[in-house]
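Asker: Would you mind keeping the following structure in view while I ask a few things?
The values are calculated or read from the model by the stated rules, or taken from the named source; none is laboratory data. As the structure is a computational prediction, the values presented were derived from the model and not from experiment. In this analysis, Cβ positions are derived from the backbone assuming ideal geometry, glycine residues included, and neighbour counts consider all displayed protein chains. Note: accessible area is taken over every heavy atom of the protein model, side chains too, but ligands, DNA and RNA are not part of it. Shrake-Rupley method; radii C 1.70, N 1.55, O 1.52, S 1.80 Å.
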Amino acid sequence: MIAETVCSAVAAAGLGIAVVTAYRKRYLAATRIAAYALVPLGLVMAGVVDWLADTAFSPTAWAGFGVLGLSWVLFATSRTVERRRGGTRKERRAARQTAAPAAAAPGASAPALGEATPRAESPAPRRAPASQGDDFSDIEAILKKHGI
């Protein structure tokens, strides 16, 4: 009952503001204000306000909203995981079947360069520690590469 009274008062005040705006020769703005002012009155007349009041105080309705929210979270999570994996199960299966492994050539297991020769055991040469200029030049090259 109070909600209907408040909505009617808001509509009346909005229509009054629209009349004052139209009196100032701002007809487009007055029309827009009148349209916004009539929305609460239309909601009261259509019974939406009663439905909302009944829903707001119903534990069953809130439980239903909770189930809808859980459903949305599960759906969004599954879509996120699907995008990270690269498509649906059917798409992954089709990609595996089209990318069948190629048959090995007859001599594929033999080394390509012949037999390996044993290397002389020598310690690896030590590099001098990088100076500050070297570090910045690497960073500068990366930034230039990305256009920054």
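Asker: Please arrange Glu91, Glu4 by accessible surface area, largest first, computed with a 1.4 Å probe and ligands excluded.
Answerer: The ordering from most to least exposed comes out as Glu91, Glu4.
Asker: If you don't mind, another one. Rounded to the nearest 0.05, what FRET efficiency do Tyr27 and Ala53 give with R0 = 41 Å and r taken as the Cβ-Cβ distance? Could you check? Please report the intermediate quantities before stating the final value.
Answerer: On the way: r = 36 Å, r/R0 = 0.88.
For Tyr27 and Ala53, the calculated efficiency is 0.70.
Asker: Also, quick follow-up: Through the Karplus equation 6.51 cos²θ - 1.76 cosθ + 1.60, θ set to phi - 60°, convert the phi angles of the range 25-31 into ³J(HN,Hα) values in whole Hz; use x for Gly and Pro.
Answerer: Whole-Hz 3J(HN,Hα) from phi for the range 25-31: 6, 10, 5, 5, 5, 5, 5.
Asker: Using a 1.4 angstrom probe on the protein heavy atoms only, line up Ile2, Ile142 by accessible area, largest first. List each step's numbers first, then the result.
Answerer: Values: Ile2 135, Ile142 95 Å².
The residues order as Ile2, Ile142, largest area first.
Asker: Rounded to the nearest 10 Å², what accessible area does Tyr27 show when all protein chains are kept and the probe is 1.4 Å?
Answerer: Counting only protein heavy atoms, Tyr27 exposes about 130 Å² to solvent.
Asker: Could you tell me whether the range 8-84 comes out rounded, prolate or oblate from its Cα gyration tensor? Rule is a ≥ b ≥ c as square roots of the eigenvalues, rounded for a/c under 1.5, then prolate if a/b exceeds b/c, otherwise oblate.
Answerer: Values: a/c = 6.16, a/b = 1.96, b/c = 3.14.
Taking the square roots of the gyration eigenvalues as a ≥ b ≥ c, the range 8-84 is oblate.
Asker: Here is a follow-up. If you filter the range 1-51 for trypsin sites (Lys or Arg not before Pro), then keep DSSP loop positions with at most 15 other Cβ within 10 Å, what is left?
Answerer: Arg24, Lys25, Arg26
Asker: Follow-up question, since we're still on this one. Quick one: accessible surface of Leu52, probe radius 1.4 Å, all protein chains present, in square angstrom to the nearest 10.
Answerer: For Leu52, the solvent-accessible surface is approximately 90 Å².
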